[in-house]
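Working notes, beginning with the structure itself.
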Amino acid sequence: MTRAIIVFLFLSAWLSSEAHAQAPAAADRSCDRCTYPEGWFLETEIGGGYVSDGAVRFGDYTGLDDAGGIVIGDVAAEFWGESGVHWRFGGRDLGLDSRSMVIDGGRQGRYGLRLSIEQLPHDRFEFAATPFINPASSSLQLPADWVPGATTGAMSALNQSLRPVQIGTDRETVGLGLSVVPTSRLEIDVDYRHSTKEGTGTYGGSFLNTATILPRPVDHETQTLDAGMTYRADDWSVRVGYFGSLFDNDAPALRWENPFSPVVPGATEGQAALEPDNSFHQLTMSGQYRPVGHTQLTGSLAVGRMEQDEDLLPFTTNPALLSMLPVPSLDVEVDTLQAVLRIASRPMRKLRLRGAYIFDERDNKTPSLDWAGVIGDALPAASRRNLPYDYERYTIDLEADYRLPFGIKAYAGWQRGVNERAFTEVNRSEEDELWGRLKFRLGHRADLALKYVFADRDIAGYQPVADTQPPQNARLRKYHLADRERAGLELHLALRPLDILDFSLAAEFMDDDYDDSPLGLTSAQYESVYADASLSLPGGIALSAHGGYEQTESAQRGSQSFALSDWRASNNDRSVFAGAVMTLPRWLERFDVRLAYTFADSAGEIRTDTFGLRDEFPELDTRLHRVEGNVDYLWRDDLTVRFGWIFEDYRVDDWSVDGVDPATLPRVLGLGNRWSGYDVNVVSLSLRYSWSGSK
Amino acid sequence: MIARMHRCAVALALALSCSGIVGAATEGAPELPVFSPEGANTCLACHNTPAVTGIFRSVHSAAADARSPFGQYQCESCHGPQGQHLPLHGDAIISFGPNAKTPVGIQNDMCLDCHAATKGDWLSSSHEAGDLGCADCHVLHAGRDSMLTVTEQPDRCYACHLQQRGQMFKPYVHPVRQGKMNCSACHDPHGSVAEFELTSNNLNETCYSCHAEKRGPFVFEHPPAAEDCSLCHEVHGSNHPAMLTKRPPLLCQQCHSQSGHPSVSYTSGGLPGGSPSPFVLAGSCMNCHGSVHGSNHPSGITLMR
């Protein structure tokens, strides 16, 4: 971060120097009545608050996870100088772990600079515990008095060894941006970002028939550089650019002591490879050309390479099974190519045409080698080769719309997608999609749009991949590779019965039928209805309400006899959402009031039917009530006292973690991680002050 | 600048024709309105409310920038020449916003006159096809355009994208409702070369811009992960942890049918109180297959290392 600030200050000074201070041609017109700002403007909010209860989920991404006092600090400052000089400083949530700051500005039309810093805390579980004495280490160790067991129940020292561990990460991103406008037609932009993510994650590490949920380290660093040069002529423009992304993992491997009794001699330690350092470099060129008024051609070409050659770990940590690696590291290399050509034209006032050809290739150049691996650091495996998976796909997209009489507009489109893959069950799939849309405009009071879409995906044979061992059931059709018919209907309605009242409705129904899938996903349906209403009353009073319902259902089949289907399962995910907002400005002349309420409920049902025996999992359920309000007392023109209040009530039932302690599963030593419900109140009192040093 | 002046005048003439204000009176080519000799001084004599003068706290009022409206014809750069636009009974000017009389195509042409090369691929975008006007989303006569903020932009998008507002309140989501991420982090509303108007060249490249660790490439890949993140993740919000589209093991069993544990029908009998099953509880399949996005371990073909 320090380096970024130094670079930012250097660039600021250099670009502000005389050599770069030439004033661009000013407008010929003077303007006495134009109130161009000059000098400083400041808006700030400073105060404190109190969080009633600690709740990890409530504090996820916000930094409000601990009970106790908080500091409120927001600031927005601007400087307006002569000749287009403008600087802005913004700071948000400065008293919290989710703070962000930005400085940007420059001389408009000449150069711009931007420095930003953002922090983002992400906490995953309300509670988790592990016997490892050094969570988040790359080499996890058990206590000295640990007693291994064949099952978790036999680990006699487990309870006394468990220690809480916080599963979550903190992300910090520093951005540095520069744009230079040497001439009115040329612009150069550079955007550099440095991001770190540190903390503790989870990783399931197994030894053949036992596993441990490990508190793995997360120590990631990502740098990206996005730079380009744009030239704009009257009828065309072109941009050439470079995008680079370097990912560095300071914890590329995870070693852990096996808390279970070794399943085979020597299986006392395991080691997994975490995400390798990798890089992605891409050159891009894009352009637009307008040969005539309302016709535009757009083209884009992006050539990239993603690669990594991280040193490989040994096949196993088990000294009894050690063998030589075929290579110390593998040049894993994927070339990417994307080419896009679009045309949009309005040959007649009422007719618009669009066409696109989109090509996307992932060319995997990684050598395919034989690997005589070890399963779970315990069992020698048959030699297998890595498959350099890649694809090549293209889409042709044609659309037209025509404005008919009586406020009706008709749209129609056809899209054809072709996907060719290597080392998968389906070498080539083709999907054709046809859609039509009618939009009715009834004056300025109503808009209604209806859309129907039908798509048909065909595959060129389904052949299980020979390299997949043990083999898949030949009747399985992976859902993204399977024949599919899709039909969908969308409705959008916008009404404005009165100038003060707006109403919107959006409904969508989608049906997917995998008509040639004896096993795997066989059908899926999605439906949703959402509505919004807003009312504007005299005095600036505004009321709005929004709500909706959404459901996704799917059905799948399986075969535990490895033959014909002998079980099926259905999923049904539902969510309901409702909310209302009221704003009341200048209430009793000196109060601004805003109050918002949100309710969200999600539910999930899973049913199975195995050999005719029906079963149903308990319902997955979350429920949220949130009230958020603030009252601003306008003490003076430049000073406001704000009272804020947030109340959140959250409940969760999730059978995958409820009642699952570290030792609940005999052969999986878990973290006992869980989400918990909570009731949290946050109250705050702050001063909002605005100041103008304008000349 | 001369070219822009002519475009302004023609646009205004077209706007007036379209709105029926001068249509019948103009036989043949419309007469081009003339610019005010006093520029913004003339406009501000009447239009001097904060709702108008807020533009002076915005980039559009930078007179020193020859590309800015106030570096050119001031108010008339966007609203067209004054012509006979006079108090109470004069001609209309080009106006902006969802309730403006100026046809949306002409509104947008005024903006595109400067922004065509910098604002994505507007003419090919779904927003253009939906007859959306720039001023339907952007607030120009203000120091701060809410579309350009992280915290307020989503609300503007939700005005039309009603589903996404509700989806962002599902239990597992990106931090949009917390004000730490906005829609334009992934989507370019002005059109882009990619599907769903994503900011990068395809879906996975967009995801990798924040999740570079998932990019690999790995020695042993999990093909769906390398092809399309949305095959397993619901990016606008999900009822399931990690924004998965479905709860494991059923999610994984849509593609894995090998004899043995991948093909077994797991039931509620595997919950606590029954015979707790590692294929159902905690991380389910990920209890053992921890490297689900791909493995760089020489023994990682089953994504267990």
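The values are calculated or read from the model by the stated rules, or taken from the named source; none is laboratory data. Predicted model, so just to flag it, every value in this text is computed and none were measured. Positions of Cβ are generated from backbone atoms using ideal geometry, with glycine treated the same way; all protein chains shown enter the neighbour counts. Side chains are part of the model used for accessible areas, which takes the heavy atoms of the whole protein and leaves out ligands, DNA and RNA. Shrake-Rupley method; radii C 1.70, N 1.55, O 1.52, S 1.80 Å.
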Checked against (1) under 30 Å from residue A:404 (Cα atoms); (2) among the aliphatic types (A, V, I, L, M); (3) open to solvent by 40 Å² or more (accessible area, probe 1.4 Å); (4) more than 10 Å from chain B (Cβ to nearest Cβ), residue A:341 satisfies every condition except (4)
If you check A:672, A:659, which single one turns out to be in a loop (DSSP other than H, G, I, E, B), surrounded by fewer than 15 Cβ atoms within 10 Å (Cβ to Cβ) and within 34 Å of the chain's Cα centre (by Cα)? A:659
Which of (1) more than 10 Å from chain B (Cβ to nearest Cβ); (2) open to solvent by 50 Å² or more (accessible area, probe 1.4 Å); (3) in contact (Cβ under 8 Å) with a residue 12 or more places away in the chain; (4) closer than 30 Å to residue B:128 by Cα does residue A:403 not meet, given it meets every other one? (1)
Report whether or not residue A:174 is under 23 Å from residue A:280 (Cβ atoms) and open to solvent by less than 10 Å² (accessible area, probe 1.4 Å). yes
Going through region A:428-469 one residue at a time, which ones are more than 13 Å from chain B (Cβ to nearest Cβ) and of a type in the set (Ser, Thr, Tyr)? A:452
Just one of A:326, A:388 is at the interface with chain B (Cβ under 9 Å from one of its Cβ atoms) and touching a strand residue (DSSP E or B) at 6+ places or on another chain (Cβ under 6 Å); which is it? A:388
For region A:470-493, which positions are within 11 Å of chain B (Cβ to nearest Cβ), open to solvent by less than 40 Å² (accessible area, probe 1.4 Å) and in a strand (DSSP E or B)? A:476
So the check is Cβ under 8 Å with 6+ separation or different chains; which pairs have a first residue in region B:52-65 that's not assigned by TED's automatic domain parsing to the domain that holds residue B:96 and a second one that's at pLDDT below 95 and aliphatic (A, V, I, L, M)? none
Within region A:167-177, how many residues turn out to be closer than 20 Å to residue A:58 by Cα and either aliphatic (A, V, I, L, M) or modelled with pLDDT under 95 (or both)? 1
Complete set of residues in region A:535-555 that are open to solvent by less than 50 Å² (accessible area, probe 1.4 Å) and within 9 Å of chain B (Cβ to nearest Cβ): A:546, A:547, A:548, A:550, A:554
I want to confirm something. Restricting to region A:232-256 and keeping residues that are hydroxyl-bearing (Ser, Thr, Tyr) and within 9 Å of chain B (Cβ to nearest Cβ), which single residue is surrounded by the fewest Cβ atoms within 10 Å (Cβ to Cβ)? A:237
Where residue B:242 falls short, out of the listed (1) more than 9 Å from chain A (Cβ to nearest Cβ); (2) small (Gly, Ala, Ser); (3) in contact with a helix residue (DSSP H, G or I) (Cβ under 8 Å, 6 or more places away or on another chain): (3)
Among the residues of region B:43-60, how many are surrounded by 14 or more Cβ atoms within 10 Å (Cβ to Cβ) and either facing chain A (nearest Cβ under 9 Å) or under 13 Å from residue A:36 (Cα atoms) (or both)? 11
If residue B:90 meets every condition in (1) farther than 20 Å from residue B:185 by Cβ; (2) modelled with pLDDT under 90; (3) open to solvent by 40 Å² or more (accessible area, probe 1.4 Å); (4) more than 10 Å from chain A (Cβ to nearest Cβ) apart from one, which number is that one? (3)
I need a count of the residues in region A:162-195 that are farther than 16 Å from residue B:180 by Cβ, within 23 Å of the chain's Cα centre (by Cα) and assigned to a strand (DSSP E or B). 5
Answer from A:86, A:122 - the residue that is open to solvent by 30 Å² or more (accessible area, probe 1.4 Å), over 27 Å from the mean Cα position of the chain (by Cα) and within 11 Å of chain B (Cβ to nearest Cβ): A:86
Does residue A:285 meet the test of being surrounded by fewer than 19 Cβ atoms within 10 Å (Cβ to Cβ) and without any contact (Cβ under 8 Å) to a residue 12 or more places away in the chain? no
Among the residues of region A:137-169 satisfying the criterion of being over 30 Å from residue A:220 (Cα atoms) and of a type in the set (Val, Ile, Thr), which is surrounded by the most Cβ atoms within 10 Å (Cβ to Cβ)? A:152
Looking at B:174, B:141, can you tell me which residue is at pLDDT below 95 and in a loop (DSSP other than H, G, I, E, B)? B:141
What single numbered condition from (1) open to solvent by 20 Å² or more (accessible area, probe 1.4 Å); (2) part of a strand (DSSP E or B) fails to hold for residue A:206? (1)
Residue, modelled with the highest pLDDT, within region A:610-633, restricted to residues that are assigned to a loop (DSSP other than H, G, I, E, B), surrounded by fewer than 16 Cβ atoms within 10 Å (Cβ to Cβ) and not charged (D, E, K, R): A:618
Those residues that are assigned to a strand (DSSP E or B) and open to solvent by 20 Å² or more (accessible area, probe 1.4 Å), I need them from region A:257-269; list them, please. A:257, A:269
How many residues does region B:255-280 hold that are under 18 Å from residue A:470 (Cα atoms) and in contact with a helix residue (DSSP H, G or I) (Cβ under 8 Å, 6 or more places away or on another chain)? 5
May I ask you to list the residues in region A:43-64 that are within 27 Å of residue A:624 (Cα to Cα), of a type in the set (D, E, K, R) and open to solvent by 30 Å² or more (accessible area, probe 1.4 Å)? A:53, A:57
Scan of region B:276-300 for residues that are modelled with pLDDT under 95 and surrounded by fewer than 24 Cβ atoms within 10 Å (Cβ to Cβ), ordered by number: none
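So that you can scan it fast, the table gives a plain yes or no per residue for (1) free of Cβ contacts under 8 Å to residues at least 40 places away in the same chain; (2) at the interface with chain B (Cβ under 9 Å from one of its Cβ atoms); (3) among the basic types (Lys, Arg):
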| residue | (1), (2), (3) |
| --- | --- |
| A:177 | no, no, no |
| A:182 | yes, no, no |
| A:187 | no, yes, no |
| A:190 | yes, no, no |
| A:199 | no, no, no |
| A:202 | no, yes, no |
| A:206 | no, yes, no |
| A:214 | no, yes, no |
Based on this model, can you work out whether residue A:352 counts as more than 34 Å from the chain's Cα centre (by Cα), under 22 Å from residue B:123 (Cα atoms) and outside any loop (DSSP other than H, G, I, E, B)? no
